[in-house]
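The values are calculated or read from the model by the stated rules, or taken from the named source; none is laboratory data. Worth saying up front: this structure is predicted, and the values here are computed from it rather than measured. Heads up, the Cβs are rebuilt from the backbone with ideal geometry, glycines too, and the neighbour counts pull from every protein chain shown.
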Amino acid sequence: MDDVIAGSYVFTGERSANSYRLNKMATTLRSAETRARFQADEAGYMRAVGCSEQEIDLVRRRDWQAMMEYGASIYLLLKIGAAVGVSLPQIGAHTSGKGH
Amino acid sequence: MATVIGGIGTSHAPTIGVAWDKGQQGEPLWAPLFDGYIPARQWLEDIRPDLFLIVYNDHVNQFFFDAYPTFALGVGAVHAQADEGWGKRPLPDLPGDPDFAWHLARSLVADEFDPTICQEMALDHGVLSFLPLLTDTNWKVPVVPLAVNVIQHPIPTARRLFRLGAALRHAIETYPKDRRIVVFGTGGLTHQLHGESYGRHNEAWDNEFMDRLETDPAGLTELSIQQYMERGGTEGVEMIMWLAMRGALGGTVKRVHRNYTAPLTTGYGLLVLES
C-alpha cells in the first residue's frame, strides 16, 4: 500500500510511532482544565508532558503541514487547533498549500 | 428471539452536532442534510426498535495509540460522552445493554472476531453527531457500540467488515430475548481532511457505493483499502463500516430511504434498509 495517496498521508505505524509524543500531548487536551494550562503556557505545558523542542517549535509556528509531515494524526491536530482557536478548514487549507 | 429489523448507513461529522446544537436545521446550507433524516426518524418510530447496535469509529477520544484496538465493544450500562477537545455537548449519557452486549462478546469470539471488551467507553461524534437526528435525546433506545479501527493502519479489510456483519446477525439471532434490533454502519462518505486534495469529495463514487451496498455488497468487498482511499480519501475510508451493517442484513434488502448531500468537506450519505 502507498503511504501517500492523492497527496494525503496514510497514518501508518511508522508515522504513529514518529509522532507519538506530539499526538499524546494532543490527547491530553480533552478537558477544559488541561486546555487552560496549555493556553497559559504552551511550551511549558508541552515540555512537562514530554514533548521535544522540535515538537514545541512545530506547534509554536502553527505549521500544520509540517506537523502532518512529522506524522501527526489529523484528528489530534484538530484538538490542538481547538485549543488555539484554529478550525479544520484553516488547518486543511494550510496543509493543501492553498493558504493559511 | 432477537431479530435484525433493519439497517442504517449514515455519515458522521462534528459539524452536524454543532449545527444541530445551534438550531441551524432550517438554514439553506443544512436543510438538505437535516431534512433527509426526517423519513428515517419516522421509519424508526414506526418499527419500534428495542436496541441500536452501532458499528462506528472512535477519533482518538476513547482510545489512544498507546493501545489502539482493531475492534472494541462497549458492554457498560451507560456510555458517557467524550470531550473531543472543544467541550461536551448538552446531551445526556447514553444507556447501554450489558446483557445483550456480553452475549454479543461471547458470540463474536466464538465466531473468531475478538473485540476488546470495554466496561467504560466514552462516545464521540462517531455516534453522537447523527443520533439526535434520528431519535429523541432522552435516549429511550439503548445503544451497544462496536468501535472499529479505521484510522491507524493496518486497518481491517472491507471483506472482514462484511463478515463481521454476518457474525453480528448470528449473534442477534441466537440471543434468547425478544429484541428488535437496528444495526448501524457509520462513517464516510468520501472526505479528505488534509493535504493537496483537502475538501475533495467524490459524489459519483459515493452514489455508486450506496447503489452497490444494496445490490452488490460482495463486489464492494473485493476492493482494497488502497482503492477505497484513492476513491474516497484517506479519511473517507471510514465508509467500509457500512459493510458491517449490510452484512448483518443478509441476502436481499429493501431500500426504505436514501439521501445524499455534501454541504462542507464530507459527502454525507444516509441509507435505510430492511432485510
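Scanning the stretch B:144-162 for residues that are within 23 Å of B:Glu230 (Cα to Cα) and more than 14 Å from chain A (Cβ to nearest Cβ), we see that the one that is surrounded by the fewest Cβ atoms within 10 Å (Cβ to Cβ) is B:Arg159.
Okay, residues lined up against (1) crowded, with 17+ Cβ neighbours inside 10 Å; (2) in contact (Cβ under 8 Å) with a residue 24 or more places away in the chain; (3) within 30 Å of B:Gly236 (Cβ to Cβ):
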{"residue": "B:Pro92", "(1), (2), (3)": "no, yes, no"}
{"residue": "B:Gly96", "(1), (2), (3)": "yes, yes, yes"}
{"residue": "B:Ala105", "(1), (2), (3)": "yes, yes, yes"}
{"residue": "B:Val109", "(1), (2), (3)": "no, no, no"}
{"residue": "B:Asp114", "(1), (2), (3)": "no, yes, yes"}
{"residue": "B:Glu120", "(1), (2), (3)": "no, yes, yes"}
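The set of residues from the stretch B:171-202 being within 19 Å of the chain's Cα centre (by Cα) and away from every other protein chain (no Cβ under 14 Å) comprises B:Ala171, B:Ile172, B:Arg180, B:Ile181, B:Val182, B:Val183, B:Phe184, B:Gly185, B:Thr186, B:Gly188, B:Leu189. One residue is enough: does the stretch B:210-225 have a residue meeting the conditions over 23 Å from B:Leu273 (Cα atoms) and within 14 Å of chain A (Cβ to nearest Cβ)? Checked against the condition, which is being over 23 Å from B:Leu273 (Cα atoms) and within 14 Å of chain A (Cβ to nearest Cβ), the stretch B:210-225 yields at least one hit. State whether the residues of the stretch B:207-221 include one that is in contact with a Gly (Cβ under 7 Å, 6 or more places away or on another chain) and surrounded by fewer than 19 Cβ atoms within 10 Å (Cβ to Cβ). Checking the stretch B:207-221: at least one residue is in contact with a Gly (Cβ under 7 Å, 6 or more places away or on another chain) and surrounded by fewer than 19 Cβ atoms within 10 Å (Cβ to Cβ). When the residues of the stretch A:80-89 are narrowed to those that are more than 9 Å from every other protein chain (Cβ to nearest Cβ) and touching a residue at least 12 places away in the same chain (Cβ under 8 Å), which ends up surrounded by the most Cβ atoms within 10 Å (Cβ to Cβ)? Ranking the qualifying residues of the stretch A:80-89, first place goes to A:Val86. The criterion of at least 3 residues that are of a type in the set (Val, Ile, Thr) and either within 14 Å of chain A (Cβ to nearest Cβ) or within 21 Å of B:Asp136 (Cα to Cα) (or both) is met by none of the strands (runs of 3 or more DSSP E) falling completely within the stretch B:8-120. Please determine, by comparing only the residues of the stretch B:192-249 that are under 27 Å from A:Ile74 (Cα atoms) and basic (Lys, Arg), which one is modelled with the highest pLDDT. For the stretch B:192-249, the residue satisfying everything is B:Arg231. Identification of helices (runs of 4 or more DSSP H) wholly contained in the stretch B:210-275 with 2 or more residues that are in contact with a strand residue (DSSP E or B) (Cβ under 8 Å, 6 or more places away or on another chain) yields B:225-232, B:242-249. Of all residues in the stretch B:204-226, those satisfying the criterion of being under 16 Å from B:Ile155 (Cβ atoms) and touching a helix residue (DSSP H, G or I) at 6+ places or on another chain (Cβ under 9 Å) are B:Leu220, B:Thr221, B:Leu223, B:Ser224, B:Ile225. Considering B:Glu214, B:Glu203, the condition of being under 26 Å from B:Phe52 (Cβ atoms) and either of a type in the set (D, E, K, R) or free of Cβ contacts under 8 Å to residues at least 12 places away in the same chain (or both) is satisfied by B:Glu214 alone. Of the residues making up the stretch A:43-58, those that are in contact (Cβ under 8 Å) with a residue 24 or more places away in the chain and either under 30 Å from B:Ser197 (Cβ atoms) or loosely packed, with under 14 Cβ neighbours inside 10 Å (or both) are A:Gly50, A:Cys51, A:Ser52, A:Glu55, A:Leu58.
Is it the case that some residue within the stretch B:49-59 is touching a Lys or Arg at 6+ places or on another chain (Cβ under 9 Å), among the hydrophobic types (A, V, I, L, M, F, W, C), within 25 Å of B:Thr252 (Cβ to Cβ) and surrounded by fewer than 20 Cβ atoms within 10 Å (Cβ to Cβ)? Looking for residues that are touching a Lys or Arg at 6+ places or on another chain (Cβ under 9 Å), among the hydrophobic types (A, V, I, L, M, F, W, C), within 25 Å of B:Thr252 (Cβ to Cβ) and surrounded by fewer than 20 Cβ atoms within 10 Å (Cβ to Cβ), one finds none in the stretch B:49-59, hence no.
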